[in-house]
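Q: Quick one: structure below, then a few questions.
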Amino acid sequence: VLPNRTLIIHSTLVTVPTDVSTIQQAINNAENGDTIIVLPGTYNENLNISKNITLKSNFYISNDTNIIDTTIINGTQTSNVITINNSCPKIFGLTITNGLGRGISCSESSPYLKNLIISNNNGVNSGGGGGLFFDYGSPVIENTIIRNNTACFGGAIYTTGANLKIRNVLFKSNSATNGCGFGGIGGA
């Protein structure tokens, strides 16, 4: 007979830039179940996430939608703004912009994406999905604006084998180049 055991769940709250100076540093230090709050500002970073964490602005504390506009992850036209691999992170209340590749690129992942602005990402050289790309997984996108993204296929979203759920998402002025598919959603 096993003795009664209490399950202890690890959960840490970290604030950027108060506790650590960069979002990626907070992600690197995080463990599954941790929450990272990003304060308003522009963060010139390209993030890699392979953990089941929550990454969010303080929009959920104040419920002020201007916080989404002013909490910006800027990919500085160097690569994907956020790359997610083999994980199920929650990303809430941020602007994801200026990626050369994709705004968010997911491989075998099931992120929950809510209250985001995904804009001005250029995925032409990456093929499909200037705003978002999903390769397998079961991602959920909710209450999000996807605008002004470009790719060869699916300027806003491109998926290969993902079970995508979309609720209350606005698609605006996304484009596919060279007549290669649609500006909105594409897939294989």
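The values are calculated or read from the model by the stated rules, or taken from the named source; none is laboratory data. Everything quoted here is computed from the prediction, not taken from an experiment. For neighbour counting, all protein chains shown are included, and Cβ atoms are generated from backbone atoms with ideal geometry for every residue, glycine included. With ligands, DNA and RNA removed, areas are computed over all heavy atoms of the protein, side chains included. Shrake-Rupley method; radii C 1.70, N 1.55, O 1.52, S 1.80 Å.
Q: How much solvent-accessible surface does ILE185 expose, in Å² to the nearest 10, with a 1.4 Å probe and all protein chains in place?
A: Looks like 80 Å² after rounding.
Q: What 222 nm value per residue comes from the helices of the chain, counting each DSSP H run with n ≥ 4 as -39,500 (n - 2.57) and dividing by all residues, nearest 500 deg cm²/dmol?
A: Here the helix-only value at 222 nm equals -1500 deg cm²/dmol.
Q: Further question on the same structure: Calculate the all-directions average of the projected area of the stretch 61-188's alpha-carbon convex hull, and give it in nm².
A: Seen from a random direction, the Cα hull of the stretch 61-188 projects 6.9 nm² on average.
Q: If I model a spin label as a point 7 Å beyond the Cα along the Cα-Cβ vector, how far apart are those points for ASN168 and TYR112 in nm?
A: In this crude label model, ASN168 to TYR112 measures out at 1.4 nm.
Q: In the stretch 37-188, with Lys and Arg counted as +1 and Asp and Glu as -1 at Cβ, which of these residues, TYR60, GLY99, ALA176, has the Cα nearest the positive end of the dipole, that is, farthest along it?
A: Value computed over the given set: TYR60.
Q: According to a simple spin-label model (label point 7 Å from Cα along Cα-to-Cβ), what is the distance in nm between ASN48 and THR76?
A: Roughly 1.6 nm, to one decimal.
Q: Using DSSP, restrict attention to beta bridges with both residues in the chain and report what percent are antiparallel, rounded to the nearest 5.
A: Counting only bridges with both partners in the chain, antiparallel ones make up about 0 percent.
Q: Once the other residues with Cβ under 15 Å from the Cβ of LEU170 are scored (Lys, Arg +1; Asp, Glu -1), what is the net sum?
A: +2
Q: Using the Cβ atoms and a cut-off under 13 Å, what net charge is assigned to the surroundings of ASN149, where Lys and Arg are +1 and Asp and Glu are -1?
A: Charge balance in the 13 Å sphere: +3.
Q: Would you work out the charge dipole size for the chain about its Cα centre, treating the Cβ of every Lys and Arg as +1 and the Cβ of every Asp and Glu as -1, and quote it to the nearest 20 debye?
A: Here the size comes out at about 340 debye.
Q: Could you work out what % of the accessible surface of the stretch 39-188 is carbon and sulfur, using a 1.4 angstrom probe and leaving DNA, RNA and ligands out of the count?
A: 47 percent
Q: Which lysines have a Cα lying under 18 Å from the Cα of LYS56, excluding residues fewer than 8 positions away in the same chain?
A: Counting by Cα, and skipping residues close in sequence, LYS56 has these lysines nearby: LYS90, LYS114.
Q: PRO111: net charge of surrounding residues, Cβ under 15 Å, Lys/Arg +1, Asp/Glu -1, itself excluded?
A: Cβ neighbours under 15 Å give a net charge of +4.
Q: So, one more: Taking only protein heavy atoms into account and a 1.4 Å probe, give the accessible area per residue of the chain in Å².
A: That works out to 47 Å² for each residue.
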